[in-house]
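The values are calculated or read from the model by the stated rules, or taken from the named source; none is laboratory data. Since the model is a prediction, treat every value here as computed from it, not as a measurement. So basically every Cβ, Gly included, is an ideal-geometry build from the backbone, and we count neighbours across all protein chains shown. Protein only, heavy atoms only, side chains kept; ligands, DNA and RNA dropped before computing areas. Shrake-Rupley method; radii C 1.70, N 1.55, O 1.52, S 1.80 Å.
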Amino acid sequence: FDDQLINFEFDKSELLPESRDFVSQVGRFLASEKHLWENVKIEGHTDSRGGDDYNRNLSDGRSRSVAGELIAAGVASDRIAAQGHGEASPLDSDESEIAWARNRRVEMSFEGVTNAKRLRDAINKIKFKTFKPRTCDGETCR
């Protein structure tokens, strides 16, 4: 159960407004439904541009941004593990604007899930209420 992605702008670790709203709502849900899960793993990633150390620090910042928003929404910090991986695990290995946009992300995965369907359905419901569809024209995504 690791398909929850949060995307970021180039060279930024701050959550986009719609991402902040999504993470905050997920955090409130997780805080109110503690029995559905034990731990959440937050893994930050970058695109391939930039040096290894820079990208690792940027991905750490992205994972900390998501973890901080979850904590602010009521999730206990001892149930969150946040880590950055830099550019080591791309979703798309192409060298294009679209690929880079897909790779600038944080992934959330859950351990000790007692009811995966309930957890997944709730998070997807929040996602569909929060995010507007992204459009990509040629090489530019917005």
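Among the residues making up the stretch 1-53, a single one is at positive phi and either small (Gly, Ala, Ser) or in a strand (DSSP E or B) (or both): Gly50.
Look through Arg56, Arg120, Arg64 and report the one residue that is part of a helix (DSSP H, G or I), under 14 Å from Leu5 (Cβ atoms) and of a type in the set (Lys, Arg). So that I can check it myself, show each step before the final result.
Values: Arg56 fails: under 14 Å from Leu5 (Cβ atoms); Arg64 fails: under 14 Å from Leu5 (Cβ atoms).
Arg120 is the lone residue from the list that is part of a helix (DSSP H, G or I), under 14 Å from Leu5 (Cβ atoms) and of a type in the set (Lys, Arg).
How many residues are open to solvent by 20 Å² or more (accessible area, probe 1.4 Å), assigned to a loop (DSSP other than H, G, I, E, B) and either in contact with a strand residue (DSSP E or B) (Cβ under 6 Å, 6 or more places away or on another chain) or not acidic (Asp, Glu) (or both) when one looks only at the stretch 74-103?
Looking only at the stretch 74-103, we keep the residues that are open to solvent by 20 Å² or more (accessible area, probe 1.4 Å), and these are 74, 76-83, 85, 87-95, 97-98, 100, 102.
From what is left, the residues that are assigned to a loop (DSSP other than H, G, I, E, B) are 74, 76, 85, 87-95.
Within this subset, residues satisfying the condition of being either in contact with a strand residue (DSSP E or B) (Cβ under 6 Å, 6 or more places away or on another chain) or not acidic (Asp, Glu) (or both) are 74, 76, 85, 88-91, 93.
Qualifying residue count for the region: 8.
Given the options Ser63, Ser59, name the one that is more than 15 Å from Pro90 (Cα to Cα) and modelled with pLDDT of 95 or more.
Values: Ser59 fails: more than 15 Å from Pro90 (Cα to Cα).
Testing whether each residue is more than 15 Å from Pro90 (Cα to Cα) and modelled with pLDDT of 95 or more leaves just Ser63.
Name every residue in the stretch 104-131 that is hydroxyl-bearing (Ser, Thr, Tyr) and loosely packed, with under 13 Cβ neighbours inside 10 Å, in order of residue number. Walk me through how you get there before you give the answer.
Looking only at the stretch 104-131, we keep the residues that are hydroxyl-bearing (Ser, Thr, Tyr), and these are 109, 114, 130.
Thr114 - this is the single residue of the stretch 104-131 that is hydroxyl-bearing (Ser, Thr, Tyr) and loosely packed, with under 13 Cβ neighbours inside 10 Å.
Whenever a residue of the stretch 1-16 is acidic (Asp, Glu), its partners that are modelled with pLDDT of 80 or more, lying with C-beta atoms within less than 7 angstrom and at least six residues away or across chains, give the pairs Asp2/Glu107; Asp2/Ser109; Glu9/Leu16; Glu14/Ser65.
Looking only at residues of the stretch 26-71 that are touching a residue at least 60 places away in the same chain (Cβ under 8 Å) and under 13 Å from the mean Cα position of the chain (by Cα), we find that the one that is most open to solvent (accessible area, probe 1.4 Å) is Lys41.
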